[in-house]
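Student: Sharing a structure with you now.
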Amino acid sequence: MTAKLKHSVTFLPLQDSRFRETATTGHTWFMSSLNDTREENEAEYLYFPSKASKGRLLCFKGRDMKDGTKNSYALAWRESLPDSAILLEGLTFVSYTYYDHTNLWHGLCAVAPFVRWSMKNECLRPERWVLFHWGELRLRMGSWIQQLLQTNFGEVKVEGFDRGDNVPYCFEKAVVMRHEMSQMGQENKLKTFNLLRCKARSYCGINPAGKGREINERGFPIIRLTLLMRRGSRSFKNATVVTDIFSKECARVEGCILHVVQSDDLSFCDQVKVLTNTDIVASPCGAQLTNMLFMDRESSVMEFYPKGWLEYAGSGQYAYHWMANQSGMKHQGAWWDPVGEECPSPQDQWQCFSFHKDGMVGHNETYFAEWARRVIDQVRLMKQEQASAYQANKQQHDSKACVC
C-alpha cells in the first residue's frame with residue numbers, strides 16, 4: 001500500500017497558465033488546485049499538514065527560474081513520500097508574489113503576512129524561506145527585506161533546492177502565502193507594522209523613549225523634517241532649490257530641524273535611525289518611502305511625482321498612500337509635476353507610463369512653500385496640544401508592540 005501511495009503522488013505545475021488573466025484579480029495561478037484558509041481580517045494562507053490537506057505534506061519539484069510551468073507541487077503523506085524525496089524538517093515559509101522580493105515595497109507586502117501569522121501562532125520562526133515569482137524559483141530577497149525579517153525571525157535562509165533539479169523536496173511543516181495583505185484587516189496591519197518597527201529599532205540599538213515630548217531650550221517642541229532624496233529616476237531635477245524651499249519654511253518655525261539625506265547612502269540601520277527621528281518625511285515617489293515604517297505613528301508623509309504619473313501610472317501610484325494608512329501615518333498629499341515632455345503616443349497608456357516612469361521631478365516654489373508651511377504648522381500644533389497624551393499613547397504602543 002505504501003508503494004502504491006508513493007506512485008500515486010501527482011505533481012502539478014506551480015504556474016497554471018489557465019489562470020494567467022486572473023493572476024492578480026481572481027483565481028490564483030500558483031498552486032491553483034488548492035483553496036486558502038480564510039479567517040476574518042487575516043491574510044489568506046495554506047498550512048501543511050492540515051485537515052484540509054488530509055494530513056499530507058507539501059512537496060516541490062524543479063528549480064526553474066524562467067518558466068514556472070516547469071516547477072511542480074504535490075501533496076504526500078509522510079509515510080509515503082515520492083522516491084528519492086528529501087524531507088526538510090521544521091517550519092518553512094513559502095512566499096509567492098506576482099511582483100518581486102527585492103523591491104522594498106513589493107517585498108514588504110509579500111512577507112508581512114508571515115509576520116502576522118507568526119504573531120498569532122506563538123511567534124513561531126521558520127527554518128527556511130522558499131520564494132517564487134510566477135512559479136519561478138527565486139534564490140534571494142532584497143537586502144533591506146532580509147534585514148527587516150532578520151530583526152524579527154533571526155537568521156533568514158532562502159532555500160535553493162540545490163541537491164538536484166528533479167529531486168522532490170517535502171516539508172515537515174509549511175505555510176504558504178499567495179495573496180499578500182489583500183484580506184488583512186486594518187487593525188492587524190497596524191499590529192504587524194508596530195511589531196516590525198519595534199523589532200527594527202531594537203535590532204539597531206535605537207531607543208525612541210521621550211522623542212514625542214522633545215523640546216528645545218526655549219520650550220518649543222522639536223519638529224524633525226527629513227528630505228529623503230534619491231538619485232537617478234524620479235529624483236528632483238534641482239535638489240538644491242527644493243532643499244532651499246524646505247529650509248526656509250523650517251527656519252520659520254522655532255524647533256524645526258531639517259535633515260537632507262540620500263537614501264541609497266544609508267545602511268539598513270541608518271535608515272531606521274533617520275526615520276525614527278523624523279516627524280515629517282518629504283520624498284519623491286519610490287521604494288525609499290517604504291522606510292516610513294520606522295517613523296512613529298501619526299507622523300507625516302509628503303510625496304512628489306514626475307510628469308505623466310497622474311495620467312498613466314494607474315492605481316499603483318497610490319502605493320505609499322496605502323502604506324501610510326496601513327502603518328498609521330498621515331499621508332499629507334502629493335504633488336504631480338505638470339511640466340515635461342509629452343508622451344508621443346498618448347493613446348497607449350502602457351507605452352506612455354514607460355515613457356514617463358523614470359522621469360525626474362521639477363518644483364513649484366510657491367506650492368512647495370505653502371504645502372510645507374501647512375504641514376509643519378499642523379505637526380507643531382499637534383506636538384503643543386497633545387504632547388502628554390501622545391507620549392502616553394506612544395509608550396503604550398511601544399510596550400505592546402514587540403510581542404514576539
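Student: For segment 8-197, which whole-number percentage of the solvent-accessible area (1.4 Å probe, protein heavy atoms only) is attributable to carbon and sulfur atoms?
Tutor: For segment 8-197, the apolar C and S fraction of the accessible surface comes to 44 percent.
Student: Please compute the contact order of segment 223-389 in relative form: average sequence separation of alpha-carbon pairs under 8 Å and at least six residues apart, divided by the residue count, as a percent.
Tutor: 28
Student: What are the GluC sites (Glu not before Pro) within segment 42-139 that DSSP puts in a loop, where the Cβ has at most 15 other Cβ atoms within 10 Å?
Tutor: Glu122
Student: Sort by residue number and name the cysteines in the chain that have no neighbouring cysteine Cβ under 4.7 Å.
Tutor: Cys109, Cys285
Student: Residue by residue through segment 165-178, what is 3J(HN,Hα) from phi via Karplus (6.51 cos²θ - 1.76 cosθ + 1.60, θ = phi - 60°)? Round to whole Hz and write x for glycine and proline.
Tutor: 5, 10, 8, x, 10, 10, 10, 4, 9, 8, 10, 10, 10, 10
Student: For segment 223-389, taking Cα atoms only, what is the radius of gyration to one decimal and the Dmax to the nearest whole Å?
Tutor: Every Cα atom of segment 223-389 included, Rg and Dmax give 16.0, 56 Å.
Student: Summarise the long-distance tail of P(r) for segment 224-277 by giving the % of C-alpha pairs beyond 15 Å.
Tutor: 51
Student: Could I ask something else about it? Just to be sure I understand: with springs between alpha-carbon atoms less than 10 Å apart, which residue in Asp100, Asp36, Asp265 has the highest mean-square fluctuation in the Gaussian network model of the chain?
Tutor: Answer for the Gaussian network model of the chain: Asp265.
Student: If you roll a 1.4 angstrom probe over the protein chains with everything in place, what fraction of the accessible area of segment 240-398 belongs to carbon and sulfur, to the nearest %?
Tutor: About 50 percent, which is the carbon plus sulfur part of the accessible surface.
Student: Here is the link list: Lys307/Lys383; Lys189/Lys248; Lys191/Lys330. Which ones come out longer than 27 Å on Cα distance?
Tutor: Lys307/Lys383; Lys189/Lys248
Student: Around Glu214, which amide H atoms from residues at least 5 apart in sequence, or from another chain, sit under 5 Å from its own amide H, with H modelled in the peptide plane?
Tutor: Ile222
Student: A further question follows. Determine Rg/Rh for segment 17-152; Rg is computed over alpha-carbon atoms and Rh is the Kirkwood hydrodynamic estimate from the same atoms.
Tutor: 0.94
Student: What does the accessible area of Ile86 come to, in Å² to the nearest 10, when a probe of 1.4 Å is used?
Tutor: 40
Student: Kirkwood hydrodynamic radius (Cα pairs, Å) of segment 130-187?
Tutor: 13.9
Student: Further, regarding this structure: Run the simple label-point estimate for Glu172 and Leu381 please: 7 Å along Cα→C-beta, distance reported in nm.
Tutor: If labels sit at Glu172 and Leu381, their model points lie 5.8 nm apart.
Student: Over segment 138-292, what per residue volume does the convex hull of the Cα atoms give, in whole Å³?
Tutor: Residue-normalised Cα hull volume stands at 173 Å³.
Student: If the convex hull of the alpha-carbon atoms of the chain is projected onto planes in all directions, what is the mean projected area in square nanometres?
Tutor: 21.5
Student: Quick one: what are the phi-derived ³J(HN,Hα) couplings along segment 52-65, Karplus 6.51/-1.76/1.60 with θ = phi - 60°, whole Hz, x for glycine and proline?
Tutor: Per-residue couplings from phi come out as 5, 8, 6, x, 8, 8, 8, 10, 10, 9, x, 9, 5, 10 Hz.
The values are calculated or read from the model by the stated rules, or taken from the named source; none is laboratory data. Because the structure is predicted, anything quoted here is derived from the model rather than measured. Positions of Cβ are generated from backbone atoms using ideal geometry, with glycine treated the same way; all protein chains shown enter the neighbour counts. With ligands, DNA and RNA removed, areas are computed over all heavy atoms of the protein, side chains included. Shrake-Rupley method; radii C 1.70, N 1.55, O 1.52, S 1.80 Å.
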